[in-house]
1. Could you please tell me which pairs satisfy a Cβ distance under 8 Å, a separation of 6+ or placement on different chains, a first residue in region 163-192 that is outside any loop (DSSP other than H, G, I, E, B), and a second residue that is among the polar types (S, T, N, Q)?
2. Determine which member of the set SER19, SER14 is more than 16 Å from the chain's Cα centre (by Cα), modelled with pLDDT under 85 and among the hydroxyl-bearing types (Ser, Thr, Tyr).
3. Go through region 36-66 and give me each residue that's in contact with a Ser or Thr (Cβ under 9 Å, 6 or more places away or on another chain) and crowded, with 18+ Cβ neighbours inside 10 Å.
4. For ILE66, are the conditions met, namely being under 20 Å from TYR101 (Cα atoms), modelled with pLDDT of 90 or more and of a type in the set (Val, Ile, Thr)?
5. At pLDDT below 90 and surrounded by 14 or more Cβ atoms within 10 Å (Cβ to Cβ): which single residue out of GLY118, GLY197 fits that description?
6. Need the failing condition index for LYS108 against (1) in contact (Cβ under 8 Å) with a residue 60 or more places away in the chain; (2) charged (D, E, K, R); (3) loosely packed, with under 13 Cβ neighbours inside 10 Å, just the number.
7. Take the residues in region 32-52 that are charged (D, E, K, R), within 29 Å of ARG106 (Cβ to Cβ) and more than 15 Å from the chain's Cα centre (by Cα), then tell me which one is modelled with the highest pLDDT.
8. Among the residues of region 52-78, what is the count of those that are more than 21 Å from THR119 (Cα to Cα) and out of contact with any Gly (no Cβ under 6 Å at 6 or more places or on another chain)?
Amino acid sequence: MGKNLRQQRRGKGSQRYRSPSHRFLGEVKYDDIEKKEGVVIDIVDAPGRTIPLAIVDYPNGKELMIPPEGLSVGERVGYNIEMKNGAILKLADIPEGTKIYNIEIRPKDGGKLCRASGTFATLVTKGKDKAVIQLPTGILKTVSVECRATIGVVAGSGRPEKPFLKAGNRYYTMKAMGRYYPIVKGVSKNPVDHPFGGKTKPGKHKTVSRHMPPGKKVGSISPRRTGKKK
């Protein structure tokens, strides 16, 4: 008797494949109601992330923040303050050439870009309505000048420099972050574990409809085109 495929079991959201919530301290995003200035009261470990988190005490409540490099307890950070590490400003108020992180794609979406350890973007230029930022990959992205960002570079820039050395270390790191690991190619699996599994069915199509069940959604999902470009 067969069993559900792994991607079906993950998609169902059972306890085995659910992300461990106790390792995530909460959402880290900008508040819709802009606060003023706050004080960093603690920097805590966040096992589910690649960075620590700072707890900032504002006059109307506490908030989690992605800390910049060099931030320490007791410093003052927050919204619409002078230009320094940890200041949260609209792109319209940030000088060109400044290093920024936790950038909003749309105004008041809470921050989406450059949130991993050691990452930052550069504000290249800005106009009346739009600003151009250069992401860590070198790609230039255009966003509204009303989008908010934090000044500085995300803390923990030296993290990738330390090698894992053992597969077990990487396994526990990925498990803490709720990541799917190890990643094994589908053709190396058994037919019961993956639609590409089993070496007795060569030449199986990789294209699949967007309306197929989760167990079939592997490979090229509803591609615009297939085949070699001429």
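The values are calculated or read from the model by the stated rules, or taken from the named source; none is laboratory data. Predicted model, so just to flag it, every value in this text is computed and none were measured. Cβ coordinates were reconstructed from backbone atoms using ideal geometry, including for glycine residues, and neighbour counts include every protein chain displayed.
1. As it stands, the answer is none, since no pair meets every condition given.
2. Residue meeting the stated conditions: SER14.
3. Passing the criteria: VAL40, ARG49, ILE51, MET65, ILE66.
4. yes
5. Every option except GLY197 fails the conditions.
6. All conditions pass for LYS108, except number (3).
7. My answer is GLU37.
8. Final tally of qualifying residues: 9.
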